[in-house]
1. For the chain, take the longest principal axis of its alpha carbons; what is the angle in degrees between that and the long axis of helix 55-66, to the nearest 10 within 0 to 90?
2. Nearest-5 percent of antiparallel DSSP beta bridges in the chain?
3. Given the rule -39500 (n - 2.57) for each run of at least 4 DSSP H residues, summed and divided by the residues of the chain, what is its mean residue ellipticity at 222 nm, to the nearest 500 deg cm²/dmol?
4. Run the numbers on the chain and let me know its relative contact order in percent, using alpha-carbon pairs under 8 Å that are six or more apart.
5. Can you tell which of Y234, G218, V263 lies farthest toward the positive end of the dipole of the chain, using +1 and -1 charges on the Cβ of basic and acidic side chains (Lys, Arg; Asp, Glu)?
6. I need R55, R292, R265, R220 ordered by Cβ neighbour count within 10 Å, fewest first.
7. Pairs of alpha-carbon atoms within less than 8 angstrom and 6+ residues apart define the contacts here; what relative contact order does the range 1-115 have, in percent?
8. Would you mind calculating the relative contact order of the range 122-243 from Cα pairs under 8 angstrom and at least 6 residues apart, reporting the percent as a whole number?
Amino acid sequence: MLQDFLKMRGVSAGTLQKLLSSAFEMKRRILSGDKFSDELKGKMVATLFYENSTRTRTSFEDACKYLGATVASLDVAASSVQKGESLIDTAKTIEAMGTDAIVIRHSVSGAPRLVADNVDIPVINAGDGLHAHPTQALLDLFTLVERFGKVDGLTVAIIGDIKHSRVARSNMESLTTMGAKVKVFAPPTMLPLGIEKMKCTVCETIEDAFVGSDAVMGLRIQLERQQVGLFPSYGEYTSFFGITDARMKLANKGAVVLHPGPVNRGVELAYDVLDKEYCLKDVQVTNGVATRMALLKELLGGGQ
Ligand code: CP
């Protein structure tokens, strides 16, 4: 049984399969409109977002409400963090209030691990620095299984700012655990040192990334994590590295586009891709609620 959910590395195929199965039931409920239950009635979940978020924070909060749990959202900007209270003291304070789980996003890699080592309640990583975003990878996995039936045997291309992407790192782990092949393509300035040791192959050309792929994942250009400009202009980025409808024609029949969001429209995803049926970015958002419901139920509901 899971104690925390801090990263994808080390999460077994069996655990992922169990979470996916539960998420299918949650998705069914969401689509049926009968989405409220009392499975986690009496539980209190705290969300601590030290970085901005729309999708992850709101979907965790929706997931709690749909399962009958109560949510306390710490407003970090108005909290005692601003008076210098440490991360550990903040987490211990929240635990002392009777909170049953902490969902945390932080700009520092390893911050959720530090919290988990200092509290006795489950901790969920909602994204830490460049390290991991495991619930994004879980929803991406669910989206692919929902579309293709399974990911075993699929080829997934991840294109863009691999160096600064916790989404790419977590997806490489979960996709390969479930039997997919991952390839990446990026401007040389956006490939991390040691890429050859990661669970992916590096494409030489943009065409190589599309040919033979069943899914193509774009990544947001993360201006906030770049110390220097890593490409000359948005226009040049799009022409050399953008996901366009013309390039999607090189991919396998039925191939889909994924993007974790937020999207820089017309940059990572060309305008002619955004409105296509094969672009699943909005489906991913719905699936984020279903998969986070499944995860919360697993961590707080005794794994039933
Ligand atoms: N994909 C993702 O993490 O989006 P948010 O930053 O809006 O949570």
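Bear in mind these aren't lab numbers, they're just calculated from the coordinates by the rules spelled out. Nothing here was measured: the structure is a model prediction, and the numbers come from that model. FYI the Cβ positions are ideal-geometry reconstructions off the backbone, even for glycines, and counts take in every protein chain you see.
1. The two axes meet at around 40 degrees.
2. DSSP beta bridges in the chain are roughly 5 percent antiparallel.
3. -11500 deg cm²/dmol
4. Relative contact order comes out at 21 percent.
5. In the chain, that residue is G218.
6. So the ranking, lowest neighbour count to highest, is R265, R55, R220, R292.
7. Averaging sequence separation for qualifying contacts and normalising by length gives 30 percent for the range 1-115.
8. Relative contact order here is 27 percent.
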